[in-house]
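Below you'll find the structure, written out as structure tokens, and then a few comments.
What follows is calculated from the coordinates using simple rules that are stated; it is not laboratory data. The model shown is predicted, which means the values in this text are computed figures rather than measured ones. In this analysis, Cβ positions are derived from the backbone assuming ideal geometry, glycine residues included, and neighbour counts consider all displayed protein chains.
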Amino acid sequence: MHKGKGMKFVGDSRISAEKTSQIPKDYSEYPGRTEAFWPNFLLKEWLVGAVFLVGFLCLTLAHTPPLEGMADPTDAAYIPLPDWYFLFLYELLKYEFASGDWVLMGILVMPGLAFGALLLAPFLDNGPGRRPHQRPIANGMMILGLISVIWLTYESAAHVDWEARAEANKPIPESSVTIDTEHEGYAVYENNCMTCHGGELEGGPAAPTLLGIEYSAEEIADIAVNGIGGMPGGIFTGSDEELEQLADFIITVNESAE
């Protein structure tokens, strides 16, 4: 019996008493290199998490993410983009080997292999050392994955004019819009347009907003009768006088919103 080493029991002379490959070493073998999980180690983890969370919240307050306007299904020129943390996958689908006939490679095979490799990294490189040069496989895979995500995200974001995109789709605050229900064209709008374009011209799932448009009264009247884009003609059924009142009402609302 040795102090701090425990006792050794040998039941078969063919088995070496020093064969302890499956038995974890006692903590006394690592003086000064161990610590209690609670509260020492867990407290450090919580502190790191708290610093990261506070920093992330400060970043969101300092740089408000751009919000776009209401979705417009009639705008065929609009190019939808995923959130920033999926931009690298969005960029990946632009390459020939991950799009078209090979789209399954881009949406399933390649991301699956990449994330699967990261999950298996601790098992592929399970050496006892904790320094970076002692874990070449795990660290190499992690660095390669990090570089790939950063580069693909940068390539995707670099071709987007975020300020112009946000400004073009910027919704007009409700407080800046004045709806004059006493206007003679309001009743015409209510009977012909409100169902699709909303009570405050804000638009809806089936029609775009009428706020911020730059059409003249004649163009608005023509659109109301003949339609435009995904809007069919023949929706307006009033008289010529009512058509003029409708166009004047829409222009008046837009002027009040400026």
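What to note about this one:
- FRET efficiency, T237 to I79 (Cβ-Cβ, R0 45 Å, nearest 0.05): 0.80
- Full extension of the segment from M142 to A217, taken as 0.36 nm per residue of separation minus the current Cα-Cα distance, would add 21.0 nm.
- Inter-site label distance for W102 and E182 at 7 Å from Cα along Cβ, in nm: 6.8
- Burial ranking of peptide ranges 102-112, 217-227, 117-127 (average Cβ count within 10 Å, highest at the top): 217-227, 102-112, 117-127
- Zero-based 5 Å bins, Cα pair distances in the stretch 174-257, whole percents: 3, 16, 28, 31, 17, 5, 1
- Applied to the stretch 179-195, the Karplus parametrisation 6.51 cos²θ - 1.76 cosθ + 1.60 on θ = phi - 60° returns per-residue 3J(HN,Hα) values of 9, 8, 6, 8, 5, 5, x, 5, 4, 5, 4, 4, 7, 10, 10, 4, 4 Hz, with x for Gly and Pro.
- HN-Hα J in Hz across the stretch 137-149 - Karplus 6.51, -1.76, 1.60, θ = phi - 60°, x for Gly and Pro: 5, 4, 5, x, 5, 5, 5, 4, x, 5, 5, 4, 5
- Cβ-Cβ FRET estimate between N191 and V149, R0 fixed at 51 Å, reported to 0.05: 0.45
- For the peptides 39-46, 153-160, 188-195, the ranking by packing is 188-195, 153-160, 39-46, with the highest mean count of neighbouring Cβ atoms within 10 Å listed first.
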